[in-house]
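One structure is given here, and the rest of the page talks about it.
Taken together, the values in this text are just the output of simple stated rules run on the coordinates, not laboratory data. Fair warning: this is a prediction, and the values are worked out from it, not measured in the lab. Virtual Cβ from ideal backbone geometry, glycine too; neighbours counted across all protein chains shown.
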Amino acid sequence: MRVDFSQEQFKVAIATSVIVFGFDGENLKILLSKKVGTPFEDAWIIPSSVVNTDEETSFVAKELLNRITGRNDWLLEKLNGFADLYRNPIGRVINIAYYCTVRLDHDLEDNLTREKYTWVNVNDIPSLAFDHNEIVIYAKERLKRRVKRRPIGFSLLPQEFTMYNIQRLYECALTKAFDKRNFRRKLLKSQLLIDTGNMVRSSLKAKRPSRLYMFDEKKYKTLSLKGYDFVYQ
């Protein structure tokens with residue numbers, strides 16, 4: 001079978017976007033920014049960049065993430081290609097999208113402020129330019145599948161965290177509530193967690209301090225490779 005392209009058919013632009021998930025201990029969030037220039041001036045968009053003809057989409061996505069966060073060691077995963085004919089009103093643009101999960105800290109927040117990016121709760125995503133709402137929905141579904149088969153907390157939670165934090169993370173990612181007793185029993189049974197011996201009072205209203213846990217990194221890496229079935233009721 002012969003497949004040839006004319007010069008006119010090569011006149012297609014390529015872009016890449018990165019869905020950045022973060023967790024503040026209470027809510028799962030996605031990073032957004034405001035569009036500069038036409039089309040859709042000042043509309044909300046997910047972080048995006050043009051891909052030049054001599055560049056790999058993965059390289060541009062990593063550079064974009066480095067510029068946004070000030071770090072280049074985040075793990076990126078390709079989502080999908082988005083190529084609807086009229087997704088960009090100016091011309092044909094194919095978007096190769098990625099997603100990643102990041103751990104929030106003060107240095108990251110300072111960099112995001114300088115770059116003028118904003119965290120938005122995953123349940124409160126506004127109307128976005130282009131087909132970016134569709135890309136966000138796709139990324140949320142991918143994250144949901146990953147949560148069911150791979151531990152994701154290491155890249156989203158701080159080094160030490162409470163049981164409430166990790167249960168809340170899974171509830172946000174899977175969009176469902178879990179019975180506290182069953183969730184904690186199954187999580188402890190997985191042997192993923194180490195009791196640090198430290199305690200923290202989660203709020204001024206808390207009656208008693210909560211235990212702080214950390215991940216058993218060796219066990220975590222093993223389960224990340226082998227996978228498992230985390231089903232909580």
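Below are the figures for this structure:
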item: Violating pairs (Cα-Cα greater than 24 angstrom) within the set K148/K219; K78/K218; K116/K144; K140/K218; result: K78/K218; K116/K144; K140/K218
item: For N88, residues with placed amide H under 5 Å, excluding near neighbours; result: V93
item: Global geometry of segment 26-75, whether rounded, prolate or oblate, following the gyration tensor of its Cα atoms and the 1.5 cut on a/c; result: oblate
item: Pairwise FRET efficiency - E63 versus T118, Cβ, R0 = 25 Å, nearest 0.05; result: 0.75
item: Cα coordinate range in segment 48-126, projected on the principal axes (Å, largest first); result: 40, 32, 22
item: Segment 153-226: relative contact order in percent, alpha carbon pairs under 8 Å with at least 6 residues between; result: 33
item: Nearest 10 degrees, 0 to 90: helix 180-189 Cα axis against the chain principal axis; result: 90
item: Convex hull volume per residue for segment 145-199, taking Cα atoms only, in Å³; result: 88
item: Nearest 10 degrees, 0 to 90: helix 57-69 Cα axis against the chain principal axis; result: 50
item: Protection proxy ranking, peptides 84-94, 120-130, average beta carbon neighbours within 10 Å, highest first; result: 120-130, 84-94
item: For peptides 3-12, 178-187, 208-217, sequence by mean Cβ density within 10 Å, most packed first; result: 208-217, 178-187, 3-12
item: Hydrodynamic radius (Kirkwood) for the chain, which is based on Cα pairs only, to one decimal in Å; result: 19.6
item: Nearest-ten-degree value, helix 217-226 long axis tilted from longest Cα axis of the chain; result: 50
